[in-house]
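Only one structure is covered here, and it is reproduced in the block below.
The values are calculated or read from the model by the stated rules, or taken from the named source; none is laboratory data. It should be emphasised that the depicted structure is a prediction, and the values quoted were computed from it without experimental measurement. No Cβ is skipped: glycine too gets one built from the backbone with ideal geometry, and neighbour counts run over all protein chains shown. These area figures cover heavy atoms from the full protein model, side chains too; ligands, DNA and RNA do not enter into them. Shrake-Rupley method; radii C 1.70, N 1.55, O 1.52, S 1.80 Å.
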Amino acid sequence: MNAPGDGRILVTGTFLDGLACDIPSQNWGAREWSRQFDVFRTMGMDTVVVIRVGWRDLGMYRSQVMPTPICERDDLVQLFLEESQRTGLRLYMGVYDGSDWMREPAWADETALNLDLIDELLQRYGRHPAFHGWYLSHEPSLSLEPWQIWEPLAARMRQCTPGKPILISPRYEGRKWLPQAPKPPHAYATEFGAALAKMTQRLDHAAFMDGHCGVTELADYAAAMKPVIAAHGMDFWSNLETFDRDMPFRFPPIDWLKMRHKLEAVRPYVTKVITFEAAHFLSPYSMWESARTLYQRYMEYCGRD
């Protein structure tokens, strides 16, 4: 269910951040994750997205492909798939992010590793009924030419799993990303459309991060982007960041007023809202007390309190 009777659009999906990258670990095991999946179901979600199965030297399972010596002894990917099946959720599978591209667009090595990883993921999990689609985990600026890695990975995914949709989550390159030279909405939309035009592989969903532009600018970016995404035959989603980039430290849960504003700003334009990331920032079990009360405010908004 996407919205209550008054037309509000609700959060129906979330990223799953199983590795501590830029937000702190909650150190959850199977019991904690299981009760969190029950919360996803209570919230009315139908989609979860593994943001990455590997990050630098951290891995969600013991891989023969990823250079991840620090890894879960139990298979966290398998746990997420089993919990998704139990709760009726569709899971999108992320890939490996070595992060070297953040310094320079080192796409050749990153691409080669991930092509092998796709094969490994399919061998391990390809038959699991909850494995619904793929997530291209790399989220660089357009200046780093992300189509150079999106294109070959999407081609392999299409070849091996032609029925599975592919999701990306780019950022609006606004004033919180490029403070000295933010890209205005229509200029960014034009540039992003040109990037998609360089690809021969079709992507299915684009869930734009909403935190790199001003909160009051979000509607303008969404309005500019909607026809571009439609022209490329993709579904236009929003990635609602439920953490707050405006605070002097990284990253507390967002203020409810901002969260509600962002939901309402994108409502006329997108078909789905997912979030980064409910377990940390929008959960009664979060390590953050304010995430627990944010969850209460959101459930009241949904009429599910």
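Quick look at the numbers
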quantity: Members of the stretch 222-248 found to be more than 18 Å from the chain's Cα centre (by Cα) and under 23 Å from Tyr298 (Cβ atoms), listed by number; calculated: Asp246, Met247
quantity: Any pair with Cβ under 9 angstrom, 6 or more apart, that starts in the stretch 122-146 at a residue that is at positive phi and ends at one that is aliphatic (A, V, I, L, M) and not in a strand (DSSP E or B); calculated: Glu145/Ala195
quantity: Those residues of the stretch 270-284 which are closer than 19 Å to Leu218 by Cα and open to solvent by less than 10 Å² (accessible area, probe 1.4 Å), in sequence order; calculated: Val273, Ile274, Thr275, Glu277
quantity: The stretch 253-269 - residue that is of a type in the set (A, V, I, L, M) and open to solvent by less than 80 Å² (accessible area, probe 1.4 Å) and, of those, farthest from the chain's Cα centre (by Cα); calculated: Ala265
quantity: Whichever residue in the stretch 4-35 is over 30 Å from Leu113 (Cβ atoms) and at pLDDT 95 or above and, among such residues, is most open to solvent (accessible area, probe 1.4 Å); calculated: Arg31
quantity: Filter result (of a type outside the set (D, E, K, R) and surrounded by 15 or more Cβ atoms within 10 Å (Cβ to Cβ)) within the stretch 288-303; calculated: Trp288, Ser290, Ala291, Leu294, Tyr295, Tyr298, Met299, Tyr301, Cys302
quantity: Criterion violated by Arg86 - all others in (1) part of a loop (DSSP other than H, G, I, E, B); (2) farther than 19 Å from His280 by Cα; (3) of a type outside the set (Phe, Trp, Tyr) satisfied; calculated: (1)
quantity: Tally of residues being among the aliphatic types (A, V, I, L, M) and closer than 13 Å to Leu19 by Cβ across the stretch 54-90; calculated: 6
quantity: Residue that is farthest from Leu153 (Cα to Cα) [pool: residues in the stretch 91-119 that are in a helix (DSSP H, G or I), open to solvent by 20 Å² or more (accessible area, probe 1.4 Å) and not hydrophobic (A, V, I, L, M, F, W, C)]; calculated: Asp100
quantity: The stretch 146-162: number of residues that are assigned to a loop (DSSP other than H, G, I, E, B) and touching a strand residue (DSSP E or B) at 6+ places or on another chain (Cβ under 9 Å); calculated: 2
quantity: Scope the stretch 224-274; condition β-branched (Val, Ile, Thr), more than 20 Å from Gly193 (Cα to Cα) and touching a Gly at 6+ places or on another chain (Cβ under 7 Å); matching residues; calculated: Ile274
quantity: Selected residue (criterion: most open to solvent (accessible area, probe 1.4 Å)) from residues of the stretch 36-61 that are more than 21 Å from His205 (Cβ to Cβ), of a type in the set (A, V, I, L, M) and out of contact with any helix residue (DSSP H, G or I) (no Cβ under 7 Å at 6 or more places or on another chain); calculated: Leu58
quantity: Residue count, the stretch 142-182 (criterion: modelled with pLDDT of 95 or more, open to solvent by 50 Å² or more (accessible area, probe 1.4 Å) and of a type in the set (Phe, Trp, Tyr)); calculated: 0
quantity: Qualifying positions in the stretch 27-60 - out of contact with any Ser or Thr (no Cβ under 7 Å at 6 or more places or on another chain) and assigned to a loop (DSSP other than H, G, I, E, B); calculated: Asn27, Trp28, Gly29, Met43, Val53, Met60
quantity: Residue in the stretch 120-141 that is farthest from Val95 (Cα to Cα), counting only those that are open to solvent by less than 10 Å² (accessible area, probe 1.4 Å) and assigned to a helix (DSSP H, G or I); calculated: Tyr125
quantity: Output for the stretch 197-242, where each listed residue is assigned to a loop (DSSP other than H, G, I, E, B), of a type outside the set (D, E, K, R) and either in contact with a helix residue (DSSP H, G or I) (Cβ under 6 Å, 6 or more places away or on another chain) or closer than 18 Å to Glu139 by Cα (or both); calculated: Met199, Gln201, Leu203, Gly211, His212, Cys213, His232, Met234, Thr242
